[in-house]
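The values are calculated or read from the model by the stated rules, or taken from the named source; none is laboratory data. Not measured: the values here are computed from a predicted model. Every residue, glycine as well, gets a Cβ built from its backbone with ideal geometry; the counts of neighbours run over all protein chains shown. Accessible surface areas use protein heavy atoms only, side chains included; no ligands, DNA or RNA. Shrake-Rupley method; radii C 1.70, N 1.55, O 1.52, S 1.80 Å.
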Amino acid sequence: MAGKAAAAVVKVNGSVAEIRGATNPMVTALLTDLYQFTMAYAYWKAGKHQDRAVFDVYFRKNPFGGEYTVFAGLEECIRFVANFKLEEGEISFLRSVMPTCEDGFFDYLREVDCSNVEVFAIPEGSVVFPKVPLMRVEGPVAIVQLLETPFINLVNYASLVTTNAARHRLVAGKSKTLLEFGLRRAQGPDGGMSASKYSYIGGFDATSNVAAGKLFGIPLRGTHSHAFVSSFMSPDEILDRALPSHDGSSTCKDFVSLVQSWLSKLQVMKSGIPNFCAVALALNDLGYKACGIRLDSGDLAYLSFEARNFFHAIEKEFNVADFGKMTVTASNDLNEETLDALNKQGHEIDAFGIGTNLVTCYAQPALGCVFKLVEINNQPRIKLSEDVTKVSIPCKKRIFRLNGREGYALVDIMTGENEPPPMVGERILCRHPFNESKRAYVVPQHVEELLKCYWLGNSKNGSVIVDKPREELPSLKKIRARCMQQLEQMRPDHMRRLNPTPYKVSVSGKLYDFIHFLWLNEAPVGELQ
């Protein structure tokens, strides 16, 4: 899937640069819900379309029964806003589906871009938690409203599959190789490409998806199917039997004869292991090194021990260095539970090929991100609900992560934009946003401000000029490295599979008071008769 050819010209921190369009060419200004355009028309008709609005992007509950999420999809959102523009053909289509709208509205849409939009976000690959804004999007209300659906679309699945991959990585352990084999089971080509990209960020080492390898630079790995073996009826079908020595000498040997010679020396057992070993030993004779085997059915733990014992026996009997370290890869509908069960049984598997349960996020199909208005024209807004989990946290906010003595994150705290930031060594009151009895003092040893500027500009001479410092979009490898580092900075009890400890998300005392003041002012007072 090739990205758009067009790219936005931007001036970032004094340097001119280009930001390419979204990876998927289907991600255009029309990739949104119809009601976003009808609301934009209503804003324009009411003369409110230029009102300055602030929206928060966040989610309400961690996926997969866990207590953490990994944020992903930010790069695609920034690419989208950098190149946001309605083409003439797209405006003509909108005119056809909104025939009662005035011509002036379509003239307005012709000029719309994101040059007056700000995007502050938590860095991609970060561990994040419910209610904490992943992104803060500010700009003219009609334009920012048009960003809602594509932003949620670009973040929801990306964060979900990255989190799923990270959970598999934590269960498998650092020493195991994880291979993403999900393309054939993914939800269409875009699902397959996205799964490969975000599984890599979440800790997988390689993919079988060749297109993802080319587009994103992800390492490629693969084995072969059963059909490849079954297609050969006899050794006579191997036409080019002579194989040169790996050292470059002109000597060629009959490879099949070498294999048959080794097979006669090995103890025969009813499996493919002796056949593989005979091939590996023949290759070794010619200076080549076989990689290993893949187990795709049966009792994976037991078979891995049997294979490993066989490899060690061959290494000892025939004095073949490192033959016992041959890689054992396992596949066959693996998931978190399977990996956990294998760990408890004990096994000799080095690598896991995981597909369906990873890329489809079989255990939970959606994350549930939302895009909520928290301020307009400097006036805070709050969404009220009988369900307290759906009550929004109003106003433009700053977010800080407070770490303790051992380096682990203790709590995320939201403050009003103009409040003084928390300081290292300072005793800070952290309050639950809605439950008055849940509060604690924290004395942080390290403070990290989470929201950083990724898009902040104004239009000049047809280019988007970013005239204040902003964060560069990191490479995929750097995002992956951040994810791995973030996972290590969280306390193990927050990350465990069973009964994880909830991570604390809090607000400052001042913001807590303001939330409840606004809540009482906005909530209707009932009448009893």
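Go through the range 338-448 and tell me which strands (runs of 3 or more DSSP E), entirely inside it, have 3 or more residues that are in the same structural domain as Tyr157 (by TED's automatic domain parsing) and closer than 26 Å to Lys61 by Cα.
Filter on the range 338-448 gives 369-376, 397-403, 409-416, 428-431, 439-442.
Given the criterion at pLDDT below 85, open to solvent by 70 Å² or more (accessible area, probe 1.4 Å) and in contact with a strand residue (DSSP E or B) (Cβ under 7 Å, 6 or more places away or on another chain), identify the matching residue among Cys291, Cys252.
Sole residue among the options that is at pLDDT below 85, open to solvent by 70 Å² or more (accessible area, probe 1.4 Å) and in contact with a strand residue (DSSP E or B) (Cβ under 7 Å, 6 or more places away or on another chain): Cys252.
Residues being open to solvent by 10 Å² or more (accessible area, probe 1.4 Å), of a type in the set (S, T, N, Q) and under 33 Å from the mean Cα position of the chain (by Cα): count how many of those fall in the range 294-337.
Looking only at that region, the number is 5.
Is it fair to say Glu348 is in contact (Cβ under 8 Å) with a residue 12 or more places away in the chain and open to solvent by 70 Å² or more (accessible area, probe 1.4 Å)?
When the stated conditions are applied, Glu348 does not pass them.
Kindly provide the set of residues from the range 290-322 that are under 17 Å from Val279 (Cα atoms), among the acidic types (Asp, Glu) and not in a loop (DSSP other than H, G, I, E, B), ordered by number.
Glu315, Glu317
Can you tell me which residue is surrounded by the fewest Cβ atoms within 10 Å (Cβ to Cβ) among those in the range 79-108 that are assigned to a loop (DSSP other than H, G, I, E, B) and aliphatic (A, V, I, L, M)?
So, considering only residues that are assigned to a loop (DSSP other than H, G, I, E, B) and aliphatic (A, V, I, L, M), the one surrounded by the fewest Cβ atoms within 10 Å (Cβ to Cβ) is Met98.
Considering only residues that are more than 28 Å from Phe151 (Cβ to Cβ) and in contact with a Leu (Cβ under 8 Å, 6 or more places away or on another chain), look in the range 403-429 and name the one that is surrounded by the fewest Cβ atoms within 10 Å (Cβ to Cβ).
Across the range 403-429, the extreme among qualifying residues is Gly404.
Output the number of residues of the range 466-518 satisfying the condition of being part of a helix (DSSP H, G or I), more than 30 Å from Leu384 (Cα to Cα), acidic (Asp, Glu) and open to solvent by 50 Å² or more (accessible area, probe 1.4 Å). It would help to see each step written out before you state the result.
Here is the first cut: in the range 466-518, the residues part of a helix (DSSP H, G or I) are 476-488, 492-495, 509-518.
If we keep only those that are more than 30 Å from Leu384 (Cα to Cα) as well, we get 476-488, 492-493, 495.
With the extra rule that they be acidic (Asp, Glu), the set shrinks to 488, 493.
Filter once more, so that each one left must be open to solvent by 50 Å² or more (accessible area, probe 1.4 Å): 488.
Counting residues in the range 466-518 that are part of a helix (DSSP H, G or I), more than 30 Å from Leu384 (Cα to Cα), acidic (Asp, Glu) and open to solvent by 50 Å² or more (accessible area, probe 1.4 Å) gives 1.
Conditions: (1) closer than 15 Å to Val505 by Cβ; (2) touching an Asp or Glu at 6+ places or on another chain (Cβ under 7 Å); (3) open to solvent by 20 Å² or more (accessible area, probe 1.4 Å); (4) of a type outside the set (Lys, Arg). Ile399 meets all but one. Number of the miss?
Among (1) closer than 15 Å to Val505 by Cβ; (2) touching an Asp or Glu at 6+ places or on another chain (Cβ under 7 Å); (3) open to solvent by 20 Å² or more (accessible area, probe 1.4 Å); (4) of a type outside the set (Lys, Arg), Ile399 violates only (3).
Would you check if there is a residue in the range 378-391 being more than 21 Å from Gly73 (Cβ to Cβ) and open to solvent by less than 10 Å² (accessible area, probe 1.4 Å)?
Taking every residue of the range 378-391 in turn, at least one turns out to be more than 21 Å from Gly73 (Cβ to Cβ) and open to solvent by less than 10 Å² (accessible area, probe 1.4 Å).
Return the only residue of Glu138, Glu76, Glu118, Glu111 being open to solvent by 10 Å² or more (accessible area, probe 1.4 Å), more than 22 Å from Ile393 (Cβ to Cβ), more than 19 Å from the chain's Cα centre (by Cα) and charged (D, E, K, R).
On the way: Glu138 fails: more than 22 Å from Ile393 (Cβ to Cβ); Glu76 fails: more than 19 Å from the chain's Cα centre (by Cα); Glu118 fails: more than 22 Å from Ile393 (Cβ to Cβ).
Checking each option against the conditions leaves just Glu111.
Six or more apart or on different chains, Cβ under 6 Å: which pairs go from a residue in the range 428-442 that's touching a residue at least 60 places away in the same chain (Cβ under 8 Å) and closer than 21 Å to Asp387 by Cα to one that's among the β-branched types (Val, Ile, Thr) and assigned to a loop (DSSP other than H, G, I, E, B)? Could you list them?
Qualifying pairs under 6 Å: Pro433/Ile393.
Read through the list (1) modelled with pLDDT under 95; (2) open to solvent by 10 Å² or more (accessible area, probe 1.4 Å), then give the number of the only condition that Leu373 fails.
It fails just one condition, (1).
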